Amino acid sequence: MLQVPEIIKRTSFYIDGAWREPAASEVIEVINPANERAYAVISAGTANDIDAAVSAARAAFDDWSARSKEERLGFIRKIADVYEACSDEMAQAISCEMGAPRKLSRESQAAVGLLHLRAFIKAVEDYSFEYMPSPERPEQKVVHEPIGVCGLITPWNWPMNQIVLKVIPAIAVGCTVVLKPSEIAPMSAMLFADFVDRAGLPKGVFNLVNGEGAVVGEALSRHPEVDMISFTGSTRGGTAVSRAAAATVKRVSLELGGKSPNIVFADCDLATTVAMGVAHCFENSGQSCNAPTRMLVERSVYDQAVAYAAQAARATKVGDPAKEGDHIGPLVSKLQFDKVQALVDKAVAEGARLVAGGPGRPEGLSEGYFVRPTVFADVTNDMTVAREEVFGPVLAIIPFHTEEEAVRIANDTPYGLSAYVQTRDEARAQRVARKMRAGMVQINGTPRAPGTPFGGYKQSGNGREGGKWGLEDFLEVKLISG
């Protein structure tokens, strides 16, 4: 007889240095997106749980913020060491909860958390928390101090990337935190809390409460004893957090959506460039806020680029995340699956030309939230598929004639997270990059270096994560004269 694996139960919250029972008994099922079945349950937190976590963080703040930089770094180095030793376990947790294939989960999803941990250690080592703004006025000092208790709300798509980008800089500069991870993919966050506990972080410095955004996220954002909220997620979610936080005038840092343009000029290696652009768009099943989902192609090579993109999409394999390989996995949830299907149907209805993929599941997959890698050509920038963040493996290709037109189309979006430029003309690449209304521009596939700022313009949010910019998000600036 087939043995049904026992449901994992992680129904406690990490508050004041220990795993504690929640205030209420309601639970949330965690669904494996590859088979649509629950494999774990967590507790649905309440405002009472947030009160307990915030109280613990507030009580711990004075002692933690007064400790030396080196003492705080000692604990963070221990967290990094535990993380590194358990990275395979972390990769497995991420693969189960949000459907990342094993290779991606191991080499990117779990690995990026450790990468950020090590980068923040160096950033803190090099950071000066106090300095004289002018040698001519030695009596003037600028001091950077921790802002206080921070509420951290993180998404499901790159869980460790976002948790580490918030938790580590916050506690490194002397803040105490309450983490509210996504209820869709919470198991990696629970494991991270285990890492923190094993590292011996003083009680109350790090706290974790699970639950729905409308309940727990709202309570955290409104809480009068929380000094700052750092949120990553949808633009709609970011506006809700901002409204809830406004009553207490707390600082709000937002990393939100994107509709990133990838400008392809005719002088590049077209076949390679288009294939790389498609792969980047489809990475993590298209569930990345900085994915290059609008490919803008110079008109003289447009038809060739469309053919190359269709070929790359048809060559993209979709399959079981539990298996090794370079395939992509399912979307994270039924809600996300239904949203992507609706946007694909709408693109067809609005006149976009379907050249690969389309609605429905890939052939041979009858269960799971798998979607077909999809490419649309002849897209105009007013179509829904060019305006809204799809968050699935769906690429929209748009033609342009001149550099000026490319820049205009690229910037014609409410978002401004990332932009990409592909050309052999170095002067043009730099010129176009400086005209992009985006927080990050990558030229010819050059990757972002560790410790550099991540964040965007316009409705893609405010603030920056990573490096010294990530530290400064959690610091107040004080001038001392005399």
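Structural remarks
- Hits among lysines - C-alpha to C-alpha of K323 under 23 Å, sequence gap 8 or more where chains match: K103, K334
- 3J(HN,Hα) couplings calculated from phi for the stretch 8-20 with the Karplus curve 6.51 cos²θ - 1.76 cosθ + 1.60 (θ = phi - 60°) are, in sequence order, 6, 10, 10, 9, 8, 10, 8, 9, 6, x, 8, 7, 10 Hz; Gly and Pro show x.
- Summary of the geometry: the stretch 372-415 and the stretch 5-23, compared by the centres of their Cα atoms, lie 44 Å apart.
- Amide H contacts under 5 Å for L208, placed H, 5+ residues apart: Y14, I15, L179
- For I28, the residues whose amide H sits under 5 Å from its own are I42, S43, A44, ignoring neighbours fewer than 5 places away on the same chain, with H placed 1.01 Å from N.
- Nearest-0.05 FRET efficiency for K346 and K69, computed from C-beta distance (R0 60 Å): 0.70
- Sorting 136-146, 309-319 by average packing, meaning the other beta carbons within 10 Å per residue, from highest down gives 309-319, 136-146.
- Electrostatic tally near D267: other residues with Cβ closer than 13 Å to its Cβ, Lys and Arg +1, Asp and Glu -1, net -3.
- Relative contact order (%) - the stretch 91-164, alpha-carbon pairs under 8 angstrom, separation at least six: 32
- Candidate lysines - alpha carbon under 16 Å from K69, same-chain residues fewer than 8 apart omitted: K78, K122, K468
- Signed unit charges on C-beta, dipole axis of the stretch 261-449, positive-most listed residue A429, G368, G416: G416
- Net charge contributed by nearby residues that have their C-beta within less than 13 Å of A93 (K/R +1, D/E -1): -1
- Residue exposure sequence - M132, M187, M383 - by fewest surrounding Cβ within 10 Å: M132, M383, M187
- Selection among I28, P393, L191 by position relative to the dipole of the chain gives P393 as farthest towards the positive end (Cβ unit charges, Cα centre).
- Computed from Cα positions, the angle between helix 235-246 and the longest principal axis of the chain comes to roughly 30 degrees.
- Euclidean distance of C-alpha centroids, the stretch 162-211 and the stretch 80-157, integer Å: 11
- Global form of the stretch 261-449, assessed from the alpha-carbon gyration tensor, a/c cut-off 1.5: prolate
- Residue-wise HN-Hα coupling along the stretch 143-157, computed from phi with Karplus coefficients 6.51, -1.76, 1.60 (Hz; x: Gly, Pro): 10, 9, 10, x, 6, x, 7, 10, x, 10, 10, 10, x, 9, 6
- The chain: C-alpha gyration tensor shape, a/c 1.5 cut-off, then a/b vs b/c: oblate
Computed from the coordinates by the stated procedures, all read-outs in this text should not be read as laboratory data. In this text, all values refer to a predicted model and were calculated from it rather than measured experimentally. Quick reminder, even Gly has a Cβ in these numbers, built from the backbone with ideal geometry, and neighbours come from all protein chains shown.
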